[in-house]
Structures are given as C-alpha cells and as structure tokens.
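Student: The structure under discussion is supplied below as structure tokens; questions concerning it will follow.
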Amino acid sequence: MFAGRHIISTREFSKDEIDHILKVAERLEPYALGKEKARLLAGRLFAMLFFEPSTRTRLSFEAAAKRLGGSTIGFSSTESTSAAKGESLADTVRVLSGYADALIIRHPREGAARFAARHSRVPVINAGDGAGHHPTQTLLDLYTLRKECGLEGVRIALVGDLKYGRTVHSLAYALALYEAEMFMVSPPQLRMPGHIITDLVQMGVHVHESQSLQEVMGEVDAIYLTRIQRERFPDPTEYQRVAGSYRLTASMLQHASPRTIVMHPLPRVDEIAPDVDSTPHARYFEQSSYGVPVRMALLCLLTGVIE
Amino acid sequence: MSGAVHELKVKRIESGTVIDHIPPGQALNVLKILGIGGGSDAVVSMVMNVESCKGPGRKDIVKIENRELAPSELDQIALIAPDATVNIIRDYTVVEKHKVVLPKMAVGVLRCANPNCISNTSEPIASEFVVESTHPVVVRCVYCERKLSGNLADHLL
Ligand SMILES: [Zn+2]
C-alpha cells in the first residue's frame, strides 16, 4: 500500500492509511527506544537533503534509519553543497535519487517537496517545506494523541498562532478524520483562517473559537500549544502582552482534568513554563521521542520492508 | 443597435477563428494566453468594448485569420473569459461553434501569488494550478496550495 509512494502532505492519506502508519509505528516503538534490536533496514540508504537546518528533524530521521540498521548520507545546510554553486533543486534530486532508496527533504520554499518528487526516482519524504507541510510532525502528533489520550473523538485545544502555523492547519485537517472536537484558542490577530474553519465544519467537526486558554482548560483532553512568533508583531510590547497571555503554567493546569495532556511541537520559547514539566500533564518530550517510531514506520513502509 | 454591423465584422474574415463574448478589456489577455503576440505572424484583429447582442454590457471580440485553433489551446482562455464562444470560420461561414470549457488544470499560464512558492524560482518548473471551481473561477497552486481567485488576468505569466 505504501511501497514507492511519496509523503508530501498528510491530506493525501485516508484515515485507514494513517491508522496503518500509526500501527506500524507502535510495533516499532521498542526498536526506537533501543529495547529491542532489529536490522530491518540493513543495506538501505537514505539521502537527507536539508536545504535549511533543522537539527531535531534530521537527527530523528537518522535515529530512525540507524536504529534499524539503515544508513544515511546527505547535507544539513546548503553552504557546502552544489546548490551554493547554483545547481537547481531538480538536478540535486535527480542525482541523489540515483544513490539512495529514499530522499528526505527539507527546503525553505513551499511546494519544494512536491516538485522534488516529480524529479525523483525514489520515494520523497517531506521534512518541511517553508511554511508548507511537515507531514511527519502531523503523524507524530497523531501518534502521541493515540498513545497518550485516545485519538478518536478527542477534545483538543489548539493554542497560539493558528493563522500562520501551517503545522497546526495540517493537524486540524488530520484530526477532522477522527471526529475530534476542536477549541481554537488564539489572540484575535492570529485566528485560524476562516476557510479552514469552514472546511472543518463541512467535515463535521465541532469547532469552538476562544481567546482564553483558561476558559477551555476544563473542557479538553489535550492542549496543543504552538509558538507565537515575535516577527508577527510590529510592536514589541504588543508581542509581550499577547505572548504572555498564552503562556501555560502549572497553576493554570489546576483547572484541567488530571488526565489532560499538554503537547508542543518544540522547541518552546515561553509558551510553557518550566514548572509544567514536572506535572502529570506534560507530554511534549514523549511527543518529540515518538518522532522516531513514526519515521521508522515511514522508512519501512516506503521501502517495502513492511507492508 | 449595431448587431448587424458587428455581425458583419465577425463574418468578414474568410477563414480562421473568432472568439466572441470576451469580457471587455480582456482581448489582449486572451491573445497573451494563446501565445499570439508581437512575435507571431498571425493576422489578428480585435473589437473592444462593443455592446453585446446577448444582453446588457459590453464585450471584446478577437479574430485570428487563417488559423483554426484547437479546443485544447482555447480552453485555457476560460480562466479569464469563462463565457467566451469560439467560431471556426471557413469560406466566410461558421462551420463550428462552441463555448470554451474550463480545463481541470492550468499549466504555464498563471503565476502563483505566493512569492515563496517553489514555482516562483529559477527551477525548471511550469506553474500548475488545479481548477477548484468555475463560477467564480478559483484555482489552487499544486505546489504551495495557495488559492487564486478574483481577476485571474492580474496573475497571467
Ligand atoms: Zn504556489
């Protein structure tokens, strides 16, 4: 079902397909944690084309490949590559797809991964293209919800920059497949775009909009915080005021159900106070570690090692 | 009014293609999409801002002599002239008449409005849009997924 396919956007996958990826990831979790050893990807070579640095994503893919006996080649910035000499992305992809079993691409331009897929002889995994898609992040977010609080019908607060944060857009569309109830919590200038809300409602999602995290705290199974970027605010004091009001602290969580989990794609800046880390709600480090089994699952499925 | 007069103008070419019911002011953009410009040797005439015989408002008409354009070439003009009709003329007679049909894809015609889109780079890439709706015309970039709507003539390459 997956061998030879590209992973560009989670919106191209059905719920069954996503479920399958998540189930395979679950089977591989002991290998991701190093509790069990296997060489499922022995002899497989993955090329990492990171046209902009993203250390965490790259290391997570490398861990996924190497834990299963696979190898990686590639670059983590364009400075030392032929792209710096003016080579096109198309040519770089044509050349490297002759070396490797799959390409993992991170690029500053939206649509770069889809373009790369057209020139590649092997599967392409989009590891983030500009403000575009980052499907492995969405999959690991879904995996976290599935493991930590249940995915079907989850009641989730999406908090922070819902306007520009494409990661949170992809996640919202994916969650719609699972009949999630969504609480969109953002400052007025960073609200979820209207066309996305319309799409979600048409997909049958119950959408609530709010400006107050406190207000929805007691209503949800999961709180998904995102970073509010300083660049979005021309006025630094306005940024301070807005960002401050969406900062989660341990005392705020006293109003949450003891089972409510807190997620964040990391890196965090000020969105979550350090005192949340030691509460039973924190799941963002687990979430980050789940990137490895999810990426293992994709590497195994695309290469046909697992059906 | 001048229904008969412009009817006459339309019929005046001996053979070729007449594109009628183009929104006023879009005749030049129609030629641009068809790739008929200064460099081509086609004999082209235009009628701009004439009253439409089909009802209120005005329209443009484009006549291309001695060339019968194929529907596949013409359908892209539906992006900016969704109600255009095409008349194929032979020996002063209309031998074929049809409306343009908006294609499912628009390739190499429009520029994506997203400056950070991979299609707006020096990569060997043709812009590519999926037509999502026809009235009004809404298209979506296959690369960055940004939508274009409204006056698509503003986004011609
Ligand atoms: Zn685009």
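The values are calculated or read from the model by the stated rules, or taken from the named source; none is laboratory data. Being a predicted model, the structure only gives us computed values, none of them experimental. So basically every Cβ, Gly included, is an ideal-geometry build from the backbone, and we count neighbours across all protein chains shown. Accessible surface areas use protein heavy atoms only, side chains included; no ligands, DNA or RNA. Shrake-Rupley method; radii C 1.70, N 1.55, O 1.52, S 1.80 Å.
Student: Got a sec? Charge dipole of the protein assembly as shown, +1 on Cβ for Lys and Arg, -1 for Asp and Glu; which of A:HIS281, A:ASN126, A:VAL168 is way out at the positive end?
Tutor: Comparing the listed Cα positions along the dipole, A:ASN126 ranks first.
Student: Here's a follow-up. Out of segment A:6-49, which trypsin sites (Lys or Arg not before Pro) are coil in DSSP terms and have no more than 15 other C-beta atoms within 10 Å? Show your work: numbers first, answer last.
Tutor: Details: sites: A:ARG11, A:LYS15, A:LYS23, A:ARG27, A:LYS35, A:LYS37, A:ARG39, A:ARG44; in loops: A:LYS35, A:LYS37, A:ARG39, A:ARG44.
Counting only loop positions with at most 15 other Cβ atoms within 10 Å, the trypsin sites (Lys or Arg not before Pro) in segment A:6-49 are A:LYS35, A:LYS37, A:ARG39.
Student: Alpha carbon centre of segment B:42-101 versus segment A:1-44: separation in Å?
Tutor: One Cα centre to the other: 54 Å.
Student: Given A:HIS195, A:SER245, A:MET217, which one lies farthest toward the positive end of the charge dipole of segment A:181-289, if we put +1 on the Cβ of every Lys and Arg and -1 on the Cβ of every Asp and Glu?
Tutor: Of the options given, the answer is A:SER245.
Student: Using only the alpha carbons of segment A:3-118, what is the convex hull's orientation-averaged projected area in square nanometres?
Tutor: Details: hull surface 31.0 nm².
Average projection, Cα convex hull of segment A:3-118: 7.7 nm².
Student: For segment A:149-154, just list the computed ³J(HN,Hα) in residue order, Karplus coefficients 6.51, -1.76 and 1.60, θ = phi - 60°, integers in Hz, with x standing in for Gly and Pro.
Tutor: 8, x, 9, 5, x, 5
Student: What GluC sites (Glu not before Pro) in segment A:139-218 are in a loop by DSSP, with at most 16 other Cβ atoms within 10 Å of the Cβ?
Tutor: A:GLU152, A:GLU179
Student: Excluding ligands, DNA and RNA, what is the accessible area buried between chains B and A, summed over both sides, using a 1.4 Å probe, to the nearest 100 Å²?
Tutor: In total, this chain pair buries about 1300 Å².
Student: Okay, helix-only estimate at 222 nm for chain A: each DSSP H run of n ≥ 4 adds -39500 (n - 2.57), divide by all residues, round to 500 deg cm²/dmol; what do you get?
Tutor: About -11000 deg cm²/dmol.
Student: A further question follows. Could you pull out the trypsin sites (Lys or Arg not before Pro) across segment B:48-154 that fall in loop regions by DSSP (anything but H, G, I, E, B) with no more than 13 other Cβ atoms inside 10 Å?
Tutor: Those that pass, being in a loop and sparsely packed, are B:LYS54, B:LYS104.
Student: Helix A:166-176 sits at what angle to the longest principal axis of chain A, using alpha carbons and giving 0 to 90 degrees rounded to 10?
Tutor: Compared with the principal axis, the helix lies near 80 degrees.
Student: To continue, here is another question. Just to confirm, what accessible area per residue do you get for the protein assembly as shown at 1.4 Å probe, in whole Å²?
Tutor: Numbers: 20620 Å² over 464 residues.
Result: 44 Å² per residue.
Student: Between Rg and the Kirkwood Rh of segment A:51-196, both from Cα atoms, what is the Rg to Rh ratio?
Tutor: Computed over Cα atoms, the ratio is 1.02.
Student: Taking H as built 1.01 Å from N, whose amide H comes closer than 5 Å to the amide H of A:ILE7, not counting residues under 5 places away?
Tutor: Those qualifying (amide H under 5 Å, at least 5 residues apart or on another chain) are A:VAL124, A:ILE125, A:ASN126.
Student: Next question. Mind listing P(r) for segment A:57-133? All alpha-carbon pairs, 10 Å bins, whole percents.
Tutor: Answer for segment A:57-133: a P(r) of 19, 53, 27, 1 percent.
Student: Express in whole angstrom the spacing between the alpha-carbon centres of segment B:107-128 and segment A:54-114.
Tutor: 22
Student: Hey, what do the phi angles of segment A:199-206 turn into as Karplus ³J(HN,Hα) couplings, whole Hz, using 6.51/-1.76/1.60 and θ = phi - 60°, x for Gly and Pro?
Tutor: 4, 5, 5, 5, 7, x, 7, 7
Student: If you count, for every residue in A:105-114, the Cβ atoms of partner chains within 10 Å of its Cβ, what is the mean?
Tutor: Counting Cβ atoms of other protein chains within 10 Å of each residue's Cβ and averaging gives 6.
Student: Then there is this: Can you pull the three principal axis extents for the Cα set of the protein assembly as shown, in Å, largest first?
Tutor: 85, 53, 41
Student: Another question about this same structure. So if I place +1 on the C-beta of Lys and Arg and -1 on the C-beta of Asp and Glu, and nothing else carries charge, what would the dipole magnitude of segment A:155-307 be about its Cα centre? I want it in debye, nearest 20.
Tutor: Here the size comes out at about 260 debye.
Student: Additional query: Using only Cα atoms, tell me the angle between helix A:55-67 and the longest principal axis of chain A; keep it within 0 to 90° and round to the nearest 10.
Tutor: Compared with the principal axis, the helix lies near 50 degrees.
Student: Averaged across the residues of B:113-120, what count of C-beta atoms belonging to other chains lies within 10 Å of each residue's C-beta? Please list the in-between numbers first.
Tutor: Numbers: counts 0, 6, 2, 9, 8, 14, 5, 3.
Per residue, the average neighbour count from other chains is 6.
Student: Among B:ASN120, B:ASN66, B:ASN87, which one shows the highest mean-square fluctuation when chain B is modelled as a Gaussian network with alpha-carbon springs under 10 Å?
Tutor: B:ASN120
Student: Given +1 on the Cβ of Lys and Arg, -1 on the Cβ of Asp and Glu, and no further charges, what dipole in debye does chain A carry about its Cα centre, rounded to the nearest 20?
Tutor: So the dipole magnitude of chain A works out to roughly 960 debye.
Student: Over chain A, with a Gaussian network built from C-alpha contacts below 10 Å, which listed residue (A:THR167, A:THR144, A:THR198) shows the highest mean-square fluctuation?
Tutor: A:THR198
Student: Nearest 10 degrees is fine. How inclined is helix A:15-32 to the longest principal axis of chain A, computing both from alpha carbons?
Tutor: Roughly 80 degrees between the two axes.
Student: On average, how many beta carbons from a partner chain sit within 10 Å of the beta carbon of a residue in A:89-96?
Tutor: So the per-residue partner count for this stretch is 1.
Student: Follow-up. Would you please classify the overall shape of segment A:161-257 from the alpha carbon gyration tensor, given that a ≥ b ≥ c denote the square roots of the eigenvalues, rounded means a/c under 1.5, and beyond that prolate means a/b larger than b/c while oblate covers the rest?
Tutor: Here segment A:161-257 falls in the oblate category.
Student: Only helical DSSP H runs with n ≥ 4 go in: add -39500 (n - 2.57) per run for chain B, normalise by residue count and round the 222 nm mean residue ellipticity to 500 deg cm²/dmol.
Tutor: For chain B, the value works out to -3500 deg cm²/dmol.
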